[in-house]
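This report refers to the structure that appears directly beneath it.
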Amino acid sequence: MQLTKHAQTRTQQRAIPPMLIDLLLQFGSSERSGAGVSKVFFDKASRRKVKAYAGSLAGLLDAHLDVYAVVTDDMTVITAGHRTGRFSTH
């Protein structure tokens with residue numbers, strides 16, 4: 001997992017642990033967001049995948065899955081944050 005300096009700062013400021021970014025990149029859904037970047041987030045299907053993967057820890061993780069990351073095509077994380085609403089699809 002590669003993070004830009006900006007992403008490292010934002011994940012630290014927003015208390016998003018690296019484990020959540022790893023889960024997001026492994027199981028999250030992706031949506032194009034511009035030239036060469038995508039938003040990765042947990043939708044209903046990806047939350048089910050995390051639940052199956054985490055087993056008994058899934059209940060602890062569930063409250064922390066409202067995060068997103070903006071990544072480049074080579075999966076470098078540019079920034080990350082907490083979702084406060086729905087992403088609109090164009």
Discussion item. Tell me whether the range 15-26 contains one or more residues that are surrounded by fewer than 12 Cβ atoms within 10 Å (Cβ to Cβ), touching an Asp or Glu at 6+ places or on another chain (Cβ under 8 Å) and of a type in the set (G, A, S).
Written reply: no
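Would you be able to say whether some residue in the range 33-41 is of a type outside the set (D, E, K, R), at negative phi, out of contact with any Lys or Arg (no Cβ under 8 Å at 6 or more places or on another chain) and loosely packed, with under 14 Cβ neighbours inside 10 Å?
Step one: of the range 33-41, the residues of a type outside the set (D, E, K, R) are 33-38, 40-41.
From what is left, the residues that are at negative phi are 33, 35, 37-38, 40-41.
Then drop every residue that is not out of contact with any Lys or Arg (no Cβ under 8 Å at 6 or more places or on another chain), which leaves 35, 37, 40.
From what's left, loosely packed, with under 14 Cβ neighbours inside 10 Å: 35.
Yes - at least one qualifying residue is present in the range 33-41.
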Discussion item. For the range 6-65, which positions are in contact (Cβ under 8 Å) with a residue 12 or more places away in the chain, in a strand (DSSP E or B) and of a type outside the set (S, T, N, Q)?
Written reply: E31, V37, K39, V40, F41
Item to complete: Would you check if there is a residue in the range 70-82 being in a strand (DSSP E or B), of a type outside the set (G, A, S) and surrounded by fewer than 12 Cβ atoms within 10 Å (Cβ to Cβ)?
Response: yes
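None of the figures in this text is laboratory data; all of them are computed from the coordinates on show. Just so you know, these numbers come straight off a predicted model, no measurement behind them. FYI the Cβ positions are ideal-geometry reconstructions off the backbone, even for glycines, and counts take in every protein chain you see.
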